[in-house]
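Undergrad: Okay, handing you the structure first.
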Amino acid sequence: MLRSGSGSAEATPTAPQPTDLTTDRPGMLVLRRLDRGELTLLRRDELVNALGDIERLANRLAGYRAEVLGALHELSRSGVAPDPMPHLTLRDATGVSEREARRLCRVASKAREHAAVLDALAEGDINADQAESLCDARVPDEVRTELVAAAASHDTDTTRQRLREAEATHGVETPTERFLRQRTARGAGWGRDHEGMLKLWARFDPETGASIEAALEPLRRALWQDDKHQRTDRRTPAQRDADTLAYALAGVTLTEQDAAAVDRLHARACRDGHAEQVQRLSPAQISVLIGLDALRGHTDRAGVTDAGTELAPETVRRLACDAEIIPIILGGRGGSADIGWARRTVPLRLRRLLIARDKHCQWPGCHASPSRCDAHHVVHWADGGPTNLDNLVLLCHTHHQHLHEHGYELVVGPDGWMPRQKAVERRKAEQGASVRQPRAP
């Protein structure tokens, strides 16, 4: 869809021209807007291309906004037009909220510090979220330039994943320096919105965050287990997390079902010897996966919690002073990794092996952390599939439910696991299509 021209040569008089991002004159961007009636006449590929053009134009405008804010900053710094609070100027000029204006000014300021990032944003090759992540990356400038070029063909999630990998390989700060910087950047707050609803936000360093996550996860997972059996009016993930926080912070449960889930957790805490826990969940238990060499201090490889949070090896070594250390050997012998067909549920040790291997949801493009994933049997247990590492894969709750409810199965592709409709479902779809096709005259 991105071309120098005003439309498609294949368009017919009755069909509208597809939307095009064009440069009629240097420095001018033109994107033709079609009305709703014209949009209904476009093919699917033309509509999808239009979305790409719209996003690229929005990215270019974000780059232009960063340059305009930079010019205002120079005027303020020179004393010609002092402006101690540019975010308020942006708020008044655009009508966005003060918080959004602060965010936009922050992204623009970061982008102006890295020419390669600002140029890519101004050309529409990356979006504002990618730009901020690229600016925040603690890597040498030449590595950042390579990452900017690669980000043009990746989405935001993939870009951030590659940035984490680059920081681990080319990082300019030690794990301890990174941890101290993150702890300094902690913050939290709360307030009421225009409807009087309470809004919370918080940022914690990885170690503190891992403890908080481990404390909340048992109840969140218990609520999810209850919700799985509810066919209608099921809570969204955001609602489930809100109900988890409501109990953790104030002891509030909204339904009898949630109160029963809390009672089960308290009963388990009592069995584990924590009967003194009354209005709190059982003590947090953090599971951290780290290589033996890193634990011994021979390498700087970070440890990873079940939630996907990286912890500096120094932090893991300190935690290990008062922790149970469970050895896990991938690819080695060990009967505990094979439960066989007699048991459907996945025991804790086998789940740890699965997390060590998969690290996140294996659905293509999804990187949900292990704490939000289920252990899925590739060959269903009811069909004779064993409960062992070779027949298990991590899938997040959303994709696990989607796979079972829509008749999909996972098969190994060239780049990992790929979803495929089951043979029975494919035959049904083909039969339905053949019924709908008109007969030949």
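Please treat every number below as a calculation from the coordinates, not as lab data. Note that the structure is a prediction, hence the values are computed from the model and not measured. Cβ coordinates were reconstructed from backbone atoms using ideal geometry, including for glycine residues, and neighbour counts include every protein chain displayed.
Undergrad: Are there trypsin sites (Lys or Arg not before Pro) in the range 122-227 that DSSP puts in a loop and that have at most 14 other Cβ atoms within 10 Å, and which ones?
TA: Passing both the DSSP loop test and the Cβ count: Arg186.
Undergrad: Straight distance only, please: which lysines reach the Cα of Lys422 with their own Cα at less than 30 Å, same-chain residues fewer than 8 apart left out?
TA: Straight-line reach from Lys422, under 30 Å: Lys228, Lys359.
Undergrad: While we're looking at this one, here's another question. Near Ala116, within a Cβ-to-Cβ distance under 13 Å, what is the net charge of the other residues, with Lys and Arg +1 and Asp and Glu -1?
TA: -4
Undergrad: List, in order, the whole-Hz ³J(HN,Hα) value for each residue of the range 158-164 obtained from phi through the Karplus relation with A = 6.51, B = -1.76, C = 1.60 and θ = phi - 60°; use x for Gly and Pro.
TA: 5, 4, 5, 5, 5, 5, 4
Undergrad: Amide H of Asp306: which non-local residues (sequence gap of 5 or more, or other chain) have their own amide H closer than 5 Å, using H built in the peptide plane?
TA: Correct list: Ser287.
Undergrad: Which GluC sites (Glu not before Pro) from the range 78-187 combine a DSSP loop assignment with at most 11 other Cβ atoms within 10 Å?
TA: Glu113
Undergrad: Using each residue's phi in the range 288-299, evaluate 6.51 cos²θ - 1.76 cosθ + 1.60 at θ = phi - 60° and report the 3J(HN,Hα) Karplus result to the nearest Hz, with x for Gly and Pro.
TA: 10, 9, 8, x, 4, 4, 5, 5, 7, x, 7, 9
Undergrad: Hey, another quick one. Work out, step by step, the length gained on full extension between Ala259 and His73: first 0.36 nm times the residue separation, then minus their alpha carbon distance; give nm to one decimal.
TA: Computed gain between Ala259 and His73 is 61.5 nm.
Undergrad: At 0.36 nm per residue, and after removing the present C-alpha to C-alpha distance, how many nm does the segment from Trp201 to His367 gain when stretched out fully?
TA: 57.5 nm
Undergrad: Amide H of Tyr408: which non-local residues (sequence gap of 5 or more, or other chain) have their own amide H closer than 5 Å, using H built in the peptide plane?
TA: Answer set, sorted by chain and number: Lys422.
Undergrad: Output needed for the range 198-271: three equivalent-ellipsoid semi-axes, defined as square roots of 5 times the C-alpha gyration tensor eigenvalues, in descending order, whole Å.
TA: 21, 16, 12
Undergrad: To continue, here is another question. For the range 30-158, just say rounded, prolate or oblate: build the C-alpha gyration tensor, square-root its eigenvalues into a ≥ b ≥ c, call rounded for a/c under 1.5, and beyond that prolate if a/b exceeds b/c, oblate if not.
TA: Since a/c reaches 1.5 but b/c is at least a/b, the shape of the range 30-158 is classed as oblate.
Undergrad: Related question: Of Cys396, Ala382, Leu353, which is farthest along the charge dipole of the range 338-426 in the positive direction, counting Lys and Arg as +1 and Asp and Glu as -1 at C-beta?
TA: About the Cα centre, the residue reaching furthest to the positive side is Leu353.
Undergrad: Averaged over all directions, how much area does the convex hull of the C-alpha atoms of the range 338-426 cover when projected, in nm²?
TA: Mean orientational projected area (the range 338-426, Cα hull): 5.7 nm².
Undergrad: Quickly rank 226-235, 82-91 as a protection proxy: mean count of other C-beta atoms within 10 Å, highest first.
TA: Answer by packing, highest mean first, reads 82-91, 226-235.
Undergrad: As an exercise, use a Förster radius of 22 Å and the Cβ-Cβ distance of Ala185 and Asp157 to find the FRET efficiency, rounded to the nearest 0.05.
TA: For Ala185 and Asp157, the calculated efficiency is 0.50.
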